[in-house]
1. Could you count how many residues in the range 1-22 are away from ligand 3 (no atom under 16 Å from the Cβ) and farther than 24 Å from residue 164 by Cα?
2. Specify which of the listed residues (220, 177, 159, 209) is within 16 Å of ligand 3 (Cβ to nearest atom) and of a type in the set (A, V, I, L, M).
3. Pull up the range 259-275, narrow it to residues that are in a strand (DSSP E or B) and within 12 Å of ligand 1 (Cβ to nearest atom), then point me to the one that is surrounded by the fewest Cβ atoms within 10 Å (Cβ to Cβ).
4. When you scan the range 246-258, how many residues do you find that are within 12 Å of ligand 2 (Cβ to nearest atom) and either surrounded by fewer than 24 Cβ atoms within 10 Å (Cβ to Cβ) or over 17 Å from residue 288 (Cα atoms) (or both)?
5. When you scan the range 139-235 for strands (runs of 3 or more DSSP E) that lie fully inside it, which ones turn up with 1 or more residues that are farther than 24 Å from residue 287 by Cα?
6. Scan the range 235-245 residue by residue and report those that are crowded, with 21+ Cβ neighbours inside 10 Å and within 13 Å of ligand 1 (Cβ to nearest atom).
7. Quick check on the range 162-198: of everything there that is in contact (Cβ under 8 Å) with a residue 12 or more places away in the chain and among the acidic types (Asp, Glu), which residue is surrounded by the most Cβ atoms within 10 Å (Cβ to Cβ)?
8. Would you confirm, using the coordinates I've provided, whether residue 93 is surrounded by fewer than 22 Cβ atoms within 10 Å (Cβ to Cβ) and either part of a helix (DSSP H, G or I) or at pLDDT 95 or above (or both)?
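The values are calculated or read from the model by the stated rules, or taken from the named source; none is laboratory data. Everything quoted here is computed from the prediction, not taken from an experiment. Here the Cβ positions follow ideal geometry from the backbone for every residue, glycine too, while neighbour counts run over all protein chains shown.
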Amino acid sequence: MKVLKFGGTSVGTALRMKEVAKLVVDGERKIVVLSAMSGTTNTLVEISDYLYKKNPEGANEIINKLELKYRQHVDELYATEEYRQRAWEVVKSHFDYIRSYTKDLFTLFEEKVILAQGELISTAMVNFYLLECGVKSVLLPALEFMRTDKNAEPDLVYIKDKLQAQMELYPDADIYITQGFICRNAYGEIDNLQRGGSDYTASLIGAAINASEIQIWTDIDGMHNNDPRVVDKTAPVRQLHFEEAAELAYFGAKILHPTCVQPAKYANIPVRLLNTMDPTASGTLISNDTEKGKIKAVAAKDNITAIKIKSSRMLLAYGFLRKVFEIFESYQTSIDMVCTSEVGVSVTIDNTKHLNEILDDLKKYGTVTVDKDMCIICVVGDLEWENVGFEARALDAMRDIPVRMISFGGSNYNISFLIRECDKKKALQSLSDTLFNKK
Ligand code: ADP
Ligand code: ASP
Ligand code: MG
């Protein structure tokens, strides 16, 4: 069985929902994971923000506006008055539920409940539409099987058991529809898999049912070789290794959520990125295969801070790096890039919540300097060290750009450069021209 996930833009209007219905009804049984209609989760975040700030009036205004939009979507989606009414009753009940949270104390728990409503609504709408079309479709409630453990990691054994039990309740169903993104935590409270987390849901479900393929349907023809939001003339990459996809997703290729790769990779289930706007386009296939000696793509991650610790005590000493890394660990701050010399080490972080405390502690071990507003550029492909010439080509593209750090050899799949954020566009364009657009 396949798992198909449709993102926010793919279910963003009544028309798009109808297109999704066409795509999923092909005689094969499948699980369909849906995001909230595009913009909805952001609006729910905005509503929560007003409620945190104890402004129920502000929140209500946005709730009413959003409800009105949904009224239009529902009117447009269904052909019959019967289904229009059935769907509207459910959608309205979710809005009334959101409104009930404008009256009391508002904390993180309530916010999670509000954020869950987007996926609950979109899945109910598409399910009603399929039923109206005469399709044997059922809703599988993600809150009944998608669960994280005490470390906030998905509990795959629980997910597998409960998902199977849910599916067994409907042995005759052709299409199982479920919510991406939402889950319960170890304490049974409503939670989520982080923004963009519907991709993760699809991958976890794929691993849980040992799917033949996980398809991520979005608004673009697969993973592109550079960020299409920043660079001209990008092209789709047809094949990626899981590790390459993971690097690209982590370093900013927004088409795929980075957490999505691991469950599929471990279960050895291919992931296919496909385009809802052009369903016959080839998209990108992600698997455990490598294309020998090929640079595949470039991605960039913003809001990076670089920290350098210089100390003559590092010279010929052991244990220095451990002490430095322990400081980051004690503030639960993860490190992205590391470069060392005999007298100093530079690292980068993207979470600056505890930056001041970290700097204070680091000063015990050496002279500390900080560079803010930096950006990691990550070049991904088969960069196994014995392949020659690839480093030189990537470096050549960066010849006019000040480079603060270079990292190569950590994996077989990437070279990373740390540069100023203001040089990002130029660097990405130059890498594109040098690596992909040259004849
Ligand atoms: P969805 O709502 O379907 O999950 P997203 O908005 O999360 O979709 O991701 C799709 C978007 O990712 C594309 O519209 C594109 O602008 C952006 N994107 C960023 N980098 C890349 C890349 N390297 N390849 C393809 N798309 C990318
Ligand atoms: N709706 C959620 C979000 O906007 C999850 C997702 O779309 O993947 O972040
Ligand atoms: Mg997404």
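1. First, the residues of the range 1-22 that are away from ligand 3 (no atom under 16 Å from the Cβ): 1-2, 13-15, 17-19, 21-22.
From what's left, farther than 24 Å from residue 164 by Cα: 13-15, 17-19, 22.
Looking only at that region, the number is 7.
2. Among 220, 177, 159, 209, only 220 is within 16 Å of ligand 3 (Cβ to nearest atom) and of a type in the set (A, V, I, L, M).
3. 275
4. Just the residues of the range 246-258 that are within 12 Å of ligand 2 (Cβ to nearest atom), to begin with: 254-257.
Checking the rest, the ones that are also either surrounded by fewer than 24 Cβ atoms within 10 Å (Cβ to Cβ) or over 17 Å from residue 288 (Cα atoms) (or both) come to 254-255, 257.
The number of residues fulfilling the criteria is 3.
5. Details: elements: 175-179, 182-184, 190-192, 213-218.
Passing ranges, in order: 175-179, 182-184, 190-192.
6. Pass one, the range 235-245, residues crowded, with 21+ Cβ neighbours inside 10 Å: 237, 240-242, 244-245.
The answer is 237, 240, 244, 245.
7. My answer is 191.
8. On the way: surrounded by fewer than 22 Cβ atoms within 10 Å (Cβ to Cβ): yes; either part of a helix (DSSP H, G or I) or at pLDDT 95 or above (or both): yes.
Considered against the rule, which asks whether it is surrounded by fewer than 22 Cβ atoms within 10 Å (Cβ to Cβ) and either part of a helix (DSSP H, G or I) or at pLDDT 95 or above (or both), residue 93 comes out as yes.
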